[in-house]
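Encoded as structure tokens, the structure appears first; notes follow it.
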Amino acid sequence: MGEFKGTPGPWRLECGDHTHRYVTVVGSDDLTVFYKYGAGSKQESDRDEINARLIAASPELLAAAKALVMQREQVVQLIEDYHAGKLLLSEFEHEVTGALTGSTEIGDAKRARAAIARALGSETGE
């Protein structure tokens, strides 16, 4: 899997007040990733902020998606090895359980939930 070559994360969201309606997403290098000045209604400004929140969470979402894809590929390889006779059932069960419950994978799932929560503007992920 390739590496992202754009602005390094994490990205942060900056919003103006009710007088200065704007949203900015800034990278960890302090360069602007996204900027929108909202001269429209409060509803449009709110939508701009929601969209910018998703943009700001993009680096974490990408990292979480990559980690979960790698985990899936590992499990698929174990299934293929088992069906090819390269693993006994007990070895297969042990390896799959390790792949799905290992501390790294659990951390990947937690990071994915946190990134989704950030994108949705929720601290709890619900």
Q. Taking amide hydrogens as modeled 1.01 Å from N in the peptide plane, which residues meet the under 5 Å criterion relative to Val33, leaving out close sequence neighbours?
A. Val25, Val26, Gly27
Q: Using θ = phi - 60° and the Karplus relation 6.51 cos²θ - 1.76 cosθ + 1.60, list the HN-Hα couplings for the stretch 8-18 in order, rounded to whole Hz, with x at every Gly or Pro.
A: x, x, x, 9, 10, 9, 10, 10, x, 9, 5
Q | Long-range tail of P(r) for the chain (Cα pairs > 22 Å, %) | A | 52 percent
Q: For each of Lys66, Lys86, count neighbouring Cβ atoms within 10 Å of the residue's Cβ, then give the residues from fewest to most.
A: Lys86, Lys66
Q. Using unit Cβ charges (K, R positive; D, E negative) and no other charged atoms, how large, in debye to the nearest 20, is the dipole of the stretch 1-60 about its Cα centre?
A. 160 debye
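If you take the beta carbon distance between Thr97 and Glu3 as r and set R0 to 30 Å, what does 1/(1 + (r/R0)^6) give as a FRET efficiency, to the nearest 0.05?
0.50
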Q) If contacts are Cα pairs under 8 angstrom and at least 6 residues apart, what is the relative contact order of the chain in percent? A) 21 percent
Q. If you keep only loop residues by DSSP, which chymotrypsin sites (Phe, Trp or Tyr not before Pro) in the stretch 1-92 have at most 10 other Cβ atoms within 10 Å of their Cβ?
A. none
Q: Per DSSP H run of at least 4 residues, take -39500 (n - 2.57); add these up for the chain, divide by its residues and hand me the 222 nm value, nearest 500 deg cm²/dmol.
A: -19500 deg cm²/dmol
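If you rank Ser58, Ser90 by fewest surrounding Cβ atoms within 10 Å, what's the result?
Lowest to highest Cβ neighbour count: Ser90, Ser58.
Using a 10 Å cut-off around each Cβ, can you sort Val23, Val69, Val96 from fewest to most neighbouring Cβ atoms?
Val69, Val96, Val23
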Q) What are the lysines whose alpha-carbon lies under 27 Å from the alpha-carbon of Lys36, with same-chain residues fewer than 8 places away excluded? A) Lys5
Q. Assigning unit charges at the beta carbon (Lys, Arg +1; Asp, Glu -1) and nothing else, what dipole magnitude in debye, to the nearest 20, does the chain show about its Cα centre?
A. 400 debye
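Throughout, read-outs are computed from the coordinates displayed, never taken from laboratory work. Every value quoted in this text rests on a predicted model; they were computed, and no experiment measured them. Positions of Cβ are backbone-derived with ideal geometry, glycine not excepted, and every protein chain shown enters the neighbour counts.
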